[in-house]
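The values are calculated or read from the model by the stated rules, or taken from the named source; none is laboratory data. Note that this is a predicted model, so its numbers are computed, not measured. Methodologically, a virtual Cβ is constructed for each residue, glycine included, from the backbone with ideal geometry; neighbour enumeration extends over all protein chains shown.
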Amino acid sequence: MLTKLLKHDLRGTGRIMVPVWVGSTALAVLASIMSCFYRSYQWDDRHPLSILTDLFGLTAVLCMMALLLVCVFVCARRFYDLLGDAGYVYFTLPVKPWQHIAAKLVNAVIWTVGTILVMAVQMGLMSGPMNGAVTFSMDFYPGHPGWLALYCIEAVLLVLEGFAVGYLTLYLCMAIGAQWPQHRLLASVVTYFALSFSGQVLMMVTARLTFRHLTRIVDSVEISVQQNPLPTMAAAWGGILLILAAIGAILWAVTQYFIGKKLNLG
């Protein structure tokens, strides 16, 4: 049943996101073509085609910047609809609350990653052809292929977990906001800012209380990096992955509690 829910969410989100992807990419292609003509013919700044080129370029950049916001809004809206009138249909299905959360979360992460890839393509189109060779330099490069593969895997997992934690935070805020009989959207927004503020205060207090211990840990990590850079960096990234996983598990558990035990459909 989880697979069917995920297919339904992917199709529903795709009906909105795919046309947005196509339209914004077409605009980026048109802006890139206009920019190539501008470089070839060296139009004057007051030339109508030069002004038109600038307008196309500005519009393409604005659309590219708004693309990720549209994706987050569409994916968050699918979970928000679950807590409204559509919930009367969703919760009549033989599906457990965690399956609803999982379907919405996987759908959101997939479309967010796809949107970032589309934005990367559009940035490549907007940047135009590069002249000369491009050299990438890194101050820290793992020479062994195994370490490089490990770092790539950890980087991908960090990105995916970051997206998942971000969406789970939104889901929890909407689940809490749904407890109000009226003005649910406003309650969700207020909950989000309150939760973000509380998280920042908690981090500051924790950092202040454990300042001495954190200083010792940082010093020991610096020494370990100098002596054994590869294992230390891999362990540090692994620690961040565990912290994100713990935060995500807490957000998931509380959201599932509100959906399973405190469900209040609009």
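Annotations for the structure displayed:
- Residue 66 being modelled with pLDDT of 90 or more and either out of contact with any helix residue (DSSP H, G or I) (no Cβ under 7 Å at 6 or more places or on another chain) or assigned to a helix (DSSP H, G or I) (or both): no
- Residue list for the range 12-47, restricted to those being modelled with pLDDT of 85 or more and loosely packed, with under 11 Cβ neighbours inside 10 Å: 15, 19
- Residues of the range 144-198 classified as closer than 23 Å to residue 108 by Cα and either part of a helix (DSSP H, G or I) or under 16 Å from the mean Cα position of the chain (by Cα) (or both), total: 38
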